[in-house]
Amino acid sequence: MDKQEVFNKIADLVADQFDIDRKKITGDLNFRQDLDADSIDFVEFVLDLEDTFNAEISDEDAEKLNTINEAVDYVMSHQN
């Protein structure tokens, strides 16, 4: 899966979970600042990421994911 495909899948997840227009999602979008994601919202998002990409994301690593681009880079570097 290439970076654009990963971005598109993550953007779709964000659009669905945070009820935001898919066209407004950019790589710089910050989960906590731009989406006002609280800890429960973010945990749900991380669980969706794990399911979508069949990956295990540690709590430590999840805390470092602030933007869409960071999530994309994480998935790209942890693909099987």
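In summary, the chain shows an alpha-carbon radius of gyration equal to 0.97 times the 2.2 N^0.38 Å reference for compact globular proteins.
Any idea what % of Cα-Cα pairs in region 1-46 are farther than 17 Å? So the portion of pairs separated by more than 17 Å is 28 percent. You can think of it this way: the chain between Asp2 and Thr26 has 7.0 nm of extra reach, that is 0.36 nm per residue less the Cα-Cα gap.
Checking every one of the chymotrypsin sites (Phe, Trp or Tyr not before Pro) in region 45-77 against DSSP loop status and a limit of 10 other Cβ atoms within 10 Å picks out no site at all. Loop-located trypsin sites (Lys or Arg not before Pro) in the chain (DSSP state other than H, G, I, E, B) with a sparse environment of at most 16 neighbouring Cβ atoms within 10 Å: Arg32, Lys64. Summarising the label geometry, the points placed 7 Å from Cα in the beta-carbon direction at Ser58 and Met76 lie 2.2 nm from one another.
All of the numbers you see were taken from the coordinates with simple rules; none came from a lab. In this text, all values refer to a predicted model and were calculated from it rather than measured experimentally. As a convention, Cβ positions derive from the backbone with ideal geometry for all residues, glycine included, and neighbour counts pool all protein chains shown.
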